[in-house]
Every structure is written in C-alpha cells, then in structure tokens.
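Heads up, the thing below is written out as structure tokens.
The values are calculated or read from the model by the stated rules, or taken from the named source; none is laboratory data. Bear in mind that the values here come from a model prediction, so they are computed numbers and not experimental data. Ideal geometry is used to build each Cβ from the backbone, glycine not excepted, and the neighbour counts take in all protein chains shown.
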Amino acid sequence: MVKRIILASAVLGLSASAPVAQSLTDDLYVHGFAGYSNLQDSDFTGTVNGGPESVDTDFDGGFGLGIAIGKEIPQWSNDSIATRVELELSYRDNDVDGVNFSGNGPASEVNVSGDVTQTSLFANVLVDFKTASALTPYVGLGLGVAYTDLDFSYGPGVELDDSDTNFAAQIIAGVAYDVSENTALTLDTRYSRAFDVSSDRLAPNGALTGTVEDDIDAFSINFGVRQRF
C-alpha cells in the first residue's frame, strides 16, 4: 500500500512539473552569427617615461563571430512586439594598421605589427517588431564584460602588450527573415564599447615605461541563423 502511495505521488509530481518545464523551454532559441568587425581609432593616453603621452592607434578591418541563447518573454510581448532576453558570447580580431606616439612627434611610427582581440559576454534585451511578412526588424541593448588582449609593437620594438577585463555595452539593430516556422536568417549591425581598457607600454628590452588607457569602440555587420526549439 505504501509503495502504491509513493508511486502515485511521484506520478502526480511529474505531471505537475511537466507544464513548468515546458514553459521554461517554450520559444527557446540559439543564434549564431559572424561578420565584419571594425575597431574605431583609439587614442591611448597616460603617463609614459614620466610624462603625459598618447599612443594613437588605427586598426584594419577584421572579423567577429558569436553565439547566443535566448528566450521570448510572453509577459513583455503583445500583438505588436515580442521581447527577448539572451546571453551572448562573442569574439573579434583586428590587426593594427598604424601608430602615432606623441613622444616621437607627428610622424607615424614604422614597423607596426600585431593585433587586438576581444572576447565579450553580454546579457541582451531585444525587441522584435511584428509584421505581416516574413521580415521582422529588431533592436536591442546589451550589458556585460569584455576581455581585451592588446599585443602590438611599433618603432624599434616598443610594445603595448597587456590584457584587461572591463565593463562593456552594445546596441543592436537588425532584421530577421523567416525561412520556416522555427528558423530565421538574420542581418544586423552592432556597436559596442569596452570602457577604460588599459595596457602597459614596454620598451624594446621589456622594461615598463608607462601605462595608457582608452575606451575601445567596435562596429560590426553580421549575418546569422536563429533556430527556435
């Protein structure tokens, strides 16, 4: 008798939890994307060799990619809009194109090489604008952290070689095209900023000559696929 009661209780418990589990997975999706990344010119400023100096840096176009998992929130949605929340992991890589160190006058530095990479984790909130067609425009805002790795050199072998983890934010604008009930192709632009990224400046012999910092802004254009489950 006791075994029957326990078994019946277990069945009832599973039955009651099934709608909860289903609600947690309703409208869950995965979004993968990749595209062109453009770091904006940076003006790293700080104290170098005992005085205020700047390291103006230009970047080549590079690439970025990312993956996000998200879910629509019915309580924040209606007939006109659908609100989604997601967790995004992304990466970008840009080579350094030119450097101008204020301590050497106005001329550009020679022997410039290296790159800057960023790995970011964002919590995004996005709003889809529902239409009668297969096209759905959307906008979003993300807050998170960015791990920035600076590894470039110039002149006789002076380096900015350091890594830093900082608060970051991004804005998103794009459009999705439904190719099926659960699959959509996406095209979006993203503008992100990592705040107060700092780096050590090293002499050719490896000696520390100072520390500089700046915000790092990036603009990207991405193509992606969003799969709903």
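Numerical summary
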{"quantity": "Test: T131 is modelled with pLDDT of 95 or more, surrounded by fewer than 15 Cβ atoms within 10 Å (Cβ to Cβ) and not in a strand (DSSP E or B)", "calculated": "yes"}
{"quantity": "Residue in region 162-178 that is surrounded by fewer than 16 Cβ atoms within 10 Å (Cβ to Cβ), in contact (Cβ under 8 Å) with a residue 24 or more places away in the chain, of a type in the set (D, E, K, R) and part of a strand (DSSP E or B) present", "calculated": "yes"}
{"quantity": "Count of residues meeting criterion [under 17 Å from the mean Cα position of the chain (by Cα) and assigned to a loop (DSSP other than H, G, I, E, B)] in region 60-87", "calculated": "1"}
{"quantity": "Candidate set: region 70-94, residues that are among the hydroxyl-bearing types (S, T, Y) and farther than 26 Å from V145 by Cα; chosen: the one surrounded by the most Cβ atoms within 10 Å (Cβ to Cβ)", "calculated": "S77"}
{"quantity": "The lone exception for D188 - which of (1) surrounded by 21 or more Cβ atoms within 10 Å (Cβ to Cβ); (2) part of a loop (DSSP other than H, G, I, E, B); (3) among the charged types (D, E, K, R) it fails", "calculated": "(2)"}
{"quantity": "Subset tally (residues that are in contact with a Lys or Arg (Cβ under 8 Å, 6 or more places away or on another chain) and surrounded by 13 or more Cβ atoms within 10 Å (Cβ to Cβ)) for region 191-208", "calculated": "0"}
{"quantity": "Residue in region 90-112 that is part of a strand (DSSP E or B), farther than 18 Å from S199 by Cβ and β-branched (V, I, T) present", "calculated": "no"}
{"quantity": "Residues of region 41-52 classified as loosely packed, with under 12 Cβ neighbours inside 10 Å and not in a strand (DSSP E or B), total", "calculated": "2"}
{"quantity": "Residue match in region 95-107 (condition: modelled with pLDDT of 95 or more, surrounded by 14 or more Cβ atoms within 10 Å (Cβ to Cβ) and under 20 Å from R226 (Cβ atoms))", "calculated": "no"}
{"quantity": "Residue in region 196-208 that is basic (K, R), assigned to a strand (DSSP E or B), within 26 Å of K71 (Cβ to Cβ) and at pLDDT 95 or above present", "calculated": "no"}
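A quick yes/no check of all residues on (1) in a strand (DSSP E or B); (2) surrounded by fewer than 17 Cβ atoms within 10 Å (Cβ to Cβ); (3) modelled with pLDDT of 75 or more:
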residue	(1), (2), (3)
I5	no, yes, no
L14	no, yes, no
F33	yes, no, yes
S37	yes, no, yes
S54	yes, no, yes
D58	yes, yes, yes
